[in-house]
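A.B. asks: Structure below; questions to follow.
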Amino acid sequence: MYSLLKKIITEKDIHRHVSLLEQLLNHPKITAKELSLQIQTTERTIFSDLQLIREQLPDGWQIETSAQGIQLIKEKNQSTNELWTLFLPQSISVRFIKELFFHKVIKTSEFLRANGLSLETLKRHTSKINQHLLAYNINIQLTAKQAKLSGEESAIRVFFHRLLIPFTHNNYFFEEYVIHEEHYFQFLNQLNRSSLAVETEQIFGTCWFFINTIRIKANCRVHAFRFNEKDPLYQLYRDKLKKLYEKEGVYLLEEEAFFAFFCFLESWNYNNKYSKKNILTNFYPVLATIAEQLTAQVSQQSQVDFQYSSLSENLLLLLLKYSESTWLSEQFQLEYQELIAVRKDSGHYRSDEEILAILQPAIQLKNPKYLINLISLLEQQAFFALRPELLTVYFLFQGEPAWKVFLQQELTDLLGRRIHLKSLELTQLYTTKFSAQDLIVSNFSLEDMPVPVIHISNIPTKNELRQLTELTLKNYLL
């Protein structure tokens, strides 16, 4: 769940401790052997690290070891926030990245003095961090006088979004986040009561709101880029987004206003229900035609009628995200680079060349592979959705919307026809009436739920999937 953050942690011992805590939080019980395999260390090191962690645990937490395995136990009112607030700041690299998030430039001497470091030590940490920033086309520039993040501000924000999204919801070491979250949810509630209602990834969007406001306040502005000020969808949401940011004392200029709109658009769910019927089709007829051509082509090749599916609407939304700003689209696809490789080879789907031929009149990308992959995910989801399904597990997942809808369908097929897999958003969580046999599957931490919570990664591991299938197997035993 915290893969990017763990890459940023440059200290090997702290990296192991965080990984251990993550595993213990995500498994009711786990053996030392399983932990050593997951963390790729020896069982002796596991027991040594567990002892160090025990000595530092806050009140209300304890680690118990038995013949059945190792268990992290907390008292009822304890929050995992206490653990991360204690252990994550032990890493110099985490403290350094946090400072660079809140400030455009930091004085090297002040950071060294506050953290008891030498310049050479900080340079070694910086060099290791920069290795993981390469994929985002950014880096930390460190001199004896100052340190700053260098690169496109949009790419910097994409990096922080990927880094922070597992943490911000539970307010891990970000005291201001809860205020941003309240403002953003008020914004969504107002939209939902208006003609502009749209279903969105709530944590995904809130995290973008938080990052944008913090970076603007730090005077880290998105560079000028080309966009259509008269774009009809932008015109619909611009003023409401500006009012949202004004609640944080941020007054958006045009580039920042469009960037905020683009972040909001990125949070739109697929299989959406728009309050304005045919809103996208009416505004973007060229893209609608391309989406229909893609749908017709895959229908012909798969011999499946997608007329009554959401495929055409989903493809239109995906194409819209890319057509609004090709430059921003290419920046944003840096966030989920590992999803490029997640694509099934099947006779039902066209070659890249066939897809590109249809896209060519409206969208030209330097590297279209990611877009083509997302098209494939949406087509596969629509194909699988036509199969009869019964669901029973609640699915709370925050991430790239196309990947979410595809992963939900994959989990549905994995769990089988007797399991009801139902997508749930954060604001629905506390109003849902759970039955005793229900489960929750989530890729972010949930506190004090009335039913068991199964934690999965963005790309679920074999162990996570095995745990999920084992817990749902009883539904097949008569």
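A.B. asks: Identify, from the list E43, E11, the residue that is over 26 Å from H169 (Cα atoms) and not assigned by TED's automatic domain parsing to the domain that holds A135.
C.D. replies: E43
A.B. asks: Do we have I63 as under 31 Å from the mean Cα position of the chain (by Cα), touching a residue at least 12 places away in the same chain (Cβ under 8 Å) and more than 29 Å from N212 (Cα to Cα) here?
C.D. replies: yes
A.B. asks: Related question: Look through E55, E82, E99, E120 and report the one residue that is farther than 30 Å from A218 by Cα and part of a helix (DSSP H, G or I).
C.D. replies: E55 is the lone residue from the list that is farther than 30 Å from A218 by Cα and part of a helix (DSSP H, G or I).
A.B. asks: Please specify each residue of segment 184-205 satisfying the condition of being over 20 Å from the mean Cα position of the chain (by Cα) and surrounded by 14 or more Cβ atoms within 10 Å (Cβ to Cβ).
C.D. replies: Of everything in segment 184-205, those that are over 20 Å from the mean Cα position of the chain (by Cα) and surrounded by 14 or more Cβ atoms within 10 Å (Cβ to Cβ) turn out to be F187, Q190, L191, N192, L196, A197.
A.B. asks: Has segment 47-58 got at least one residue that is within 27 Å of I129 (Cβ to Cβ), without any contact (Cβ under 8 Å) to a residue 12 or more places away in the chain and of a type in the set (S, T, N, Q)?
C.D. replies: Scanning segment 47-58, I find at least one residue that is within 27 Å of I129 (Cβ to Cβ), without any contact (Cβ under 8 Å) to a residue 12 or more places away in the chain and of a type in the set (S, T, N, Q), so the answer is yes.
A.B. asks: Further question: Report every pair of residues separated by at least 6 positions or lying on different chains whose Cβ atoms are under 6 Å apart, first residue within segment 23-46 and in contact (Cβ under 8 Å) with a residue 24 or more places away in the chain, second assigned to a loop (DSSP other than H, G, I, E, B) and surrounded by fewer than 17 Cβ atoms within 10 Å (Cβ to Cβ).
C.D. replies: Short answer, once both residue conditions are applied: K29/Q68.
A.B. asks: Would it be correct to say that A144 is outside any helix (DSSP H, G or I) and either at pLDDT 95 or above or not basic (K, R) (or both)?
C.D. replies: Here the answer is yes, as A144 does meet what is asked.
A.B. asks: Under 7 Å between Cβ atoms, at least 6 apart or on separate chains: pull out the pairs that start in segment 221-237 with a residue that is surrounded by 13 or more Cβ atoms within 10 Å (Cβ to Cβ) and end on any residue that is in a loop (DSSP other than H, G, I, E, B).
C.D. replies: F225/S325; F227/S325; L236/L196; Y237/L196
A.B. asks: Among (1) crowded, with 19+ Cβ neighbours inside 10 Å; (2) under 26 Å from F397 (Cα atoms), which single condition is Y274 missing?
C.D. replies: So the condition that Y274 fails would be (1).
A.B. asks: Six or more apart or on different chains, Cβ under 8 Å: which pairs go from a residue in segment 78-103 that's crowded, with 18+ Cβ neighbours inside 10 Å to one that's in a helix (DSSP H, G or I) and aromatic (F, W, Y)? Could you list them?
C.D. replies: Within 8 Å, the pairs are W84/F167; F96/F111; F101/F160.
A.B. asks: Something else: May I ask you to list pairs of residues, at least six apart or on different chains, whose Cβ atoms are under 7 Å apart, with the first in segment 339-365 being within 18 Å of T295 (Cβ to Cβ) and in a loop (DSSP other than H, G, I, E, B) and the second being among the acidic types (D, E) and modelled with pLDDT of 65 or more?
C.D. replies: Y349/E379
A.B. asks: Could you tell me whether any residue of segment 314-322 is without any contact (Cβ under 8 Å) to a residue 24 or more places away in the chain and of a type in the set (A, V, I, L, M)?
C.D. replies: No: segment 314-322 contains no residue that is without any contact (Cβ under 8 Å) to a residue 24 or more places away in the chain and of a type in the set (A, V, I, L, M).
A.B. asks: Got at least one residue in segment 244-264 being closer than 30 Å to F101 by Cβ, touching a strand residue (DSSP E or B) at 6+ places or on another chain (Cβ under 9 Å), assigned to a helix (DSSP H, G or I) and not β-branched (V, I, T)?
C.D. replies: Scanning segment 244-264, I find at least one residue that is closer than 30 Å to F101 by Cβ, touching a strand residue (DSSP E or B) at 6+ places or on another chain (Cβ under 9 Å), assigned to a helix (DSSP H, G or I) and not β-branched (V, I, T), so the answer is yes.
A.B. asks: Of all residues in segment 439-458, which are within 15 Å of Q38 (Cα to Cα) and either β-branched (V, I, T) or over 18 Å from the mean Cα position of the chain (by Cα) (or both)?
C.D. replies: Scanning segment 439-458 gives a single hit, I456.
A.B. asks: Quick test of your reading of the structure: K107 fulfils all but one of (1) in contact with a strand residue (DSSP E or B) (Cβ under 9 Å, 6 or more places away or on another chain); (2) buried (at least 16 other Cβ atoms within 10 Å of the Cβ). Name the failing condition by number.
C.D. replies: (2)
A.B. asks: Could you please find all residues in segment 3-17 being more than 19 Å from I165 (Cα to Cα) and among the small types (G, A, S)?
C.D. replies: Hits for segment 3-17: nothing passes.
The values are calculated or read from the model by the stated rules, or taken from the named source; none is laboratory data. Remember, predicted model here, so these are calculated numbers, not experimental data. All Cβ positions, even for glycine, are placed from backbone atoms using ideal geometry, and neighbour counts span all protein chains on display.
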